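Reading through the structure tokens given below for one structure.
The values are calculated or read from the model by the stated rules, or taken from the named source; none is laboratory data. These numbers come from a predicted model, not from an experiment. Ideal geometry is used to build each Cβ from the backbone, glycine not excepted, and the neighbour counts take in all protein chains shown. Heavy atoms of the whole protein, side chains included, go into the accessibility calculation; ligands, DNA and RNA do not. Shrake-Rupley method; radii C 1.70, N 1.55, O 1.52, S 1.80 Å.
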Amino acid sequence: MTAVFDHPVIARCQLHKIRNVEAKLPKALASTVASKMRAIYHYDDALRAEAELEDLARQLQKSHPGAAGSLREGLTETLTVMRLEIPPTLARTLRSTNAVNR
């Protein structure tokens with residue numbers, strides 16, 4: 001791997017991240033937050049996506065600190081596929097650790 005990258009590259013599953021955050025929210029809010037996260041994870045710009053996800057975590061911090069913490073944990077690693085600018089077809093598979101759940 002060091003022949004291609006000068007440091008380890010770690011990717012976290014976006015689908016599991018969404019589920020983890022949803023699990024810490026009331027049902028009505030969970031679906032709204034999950035929809036926002038899915039939309040953000042489809043951006044073309046990793047920096048913009050990171051800023052939007054961090055903003056979402058800030059919005060959740062006071063009322064749902066567990067969800068905010070879950071969102072922030074490994075946030076950078078959930079954007080690895082986006083940062084590597086992998087073609088969309090392959091990215092759909094790699095955005096999840098479970099290729100069946102694309």
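Some observations on this one:
- The distance between label points at ASP55 and GLU77 comes to 2.6 nm (points 7 Å beyond Cα on the Cα→Cβ vector).
- Theoretical FRET efficiency, 1/(1+(r/R0)^6), r = Cβ-Cβ of ALA23 and ARG92, R0 30 Å, to 0.05: 0.80
- Note that the stretch 25-71 presents 57 Å² accessible area per residue, ligands and nucleic acids not counted, probe 1.4 Å.
- Taking a sphere under 11 Å around the Cβ of LEU53 and counting the other residues whose Cβ falls inside, with K and R at +1 and D and E at -1, yields a net charge of +1.
- Surrounding net charge for SER31, when Lys and Arg each add one and Asp and Glu each subtract one, Cβ distance under 13 Å: +3
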